[in-house]
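If you scroll down you'll find the structure; I have some questions about it.
Taken together, the values in this text are just the output of simple stated rules run on the coordinates, not laboratory data. What you are looking at is a predicted structure, and each value in this text was computed from that prediction instead of being measured. Counting neighbours? That spans all protein chains shown, and the Cβs are built from the backbone with ideal geometry, glycine included.
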Amino acid sequence: MTTVLTNMSETIKKLADDLYYDYDVVGVRFEDKDRVIGEICENSRHNEDREDERDFPEYGTDEYEEMEELDGTCAWDTDCEFIRDIDNYSYSSFTTNHCYFIAGDYGRTNETGDVGEVVIKNAKVIAKLF
């Protein structure tokens with residue numbers, strides 16, 4: 001049986017609303033690293049030459065380290081279509097072990113990044129969603 005996500009979009013919206021005045025930007029980040037609440041995330045890397053947005057070198061490899069380092073951590077914008085529709089997915093749909101709600105002091109869209117992506121400077125883990 002496939003476990004479907006329930007009320008995750010509601011949880012994300014509530015967190016975003018509650019933190020509206022505390023942080024400049026919020027986002028949802030999927031990754032394998034097991035993080036703790038309050039932890040500051042590392043800056044992400046960017047590979048604009050990839051044909052498929054899922055095609056990304058493994059973290060910590062030489063190929064990963066050679067990519068451009070961004071000025072913050074990549075996440076999904078909480079208002080993008082994917083996050084608004086996240087309750088329609090199952091846990092098995094994701095290729096990562098964890099999902100976090102993160103927030104930071106400054107955010108921007110990455111001009112050559114993925115659709116719905118935001119880059120968050122000084123991104124702090126606010127909540128572990130799974």
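Could I have the simple spin-label model distance between Asp18 and Thr6, label points 7 Å from Cα toward Cβ, reported in nm to one decimal?
2.0 nm
Determine the sum of side-chain charges near Tyr23: Lys and Arg each +1, Asp and Glu each -1, restricted to other residues whose C-beta is under 11 angstrom from that of Tyr23. Before the final figure, lay out each step's value.
Numbers: positive: Lys121, Lys124; negative: Asp18, Asp22, Asp24, Asp105.
Combined, the nearby Lys, Arg, Asp and Glu give -2.
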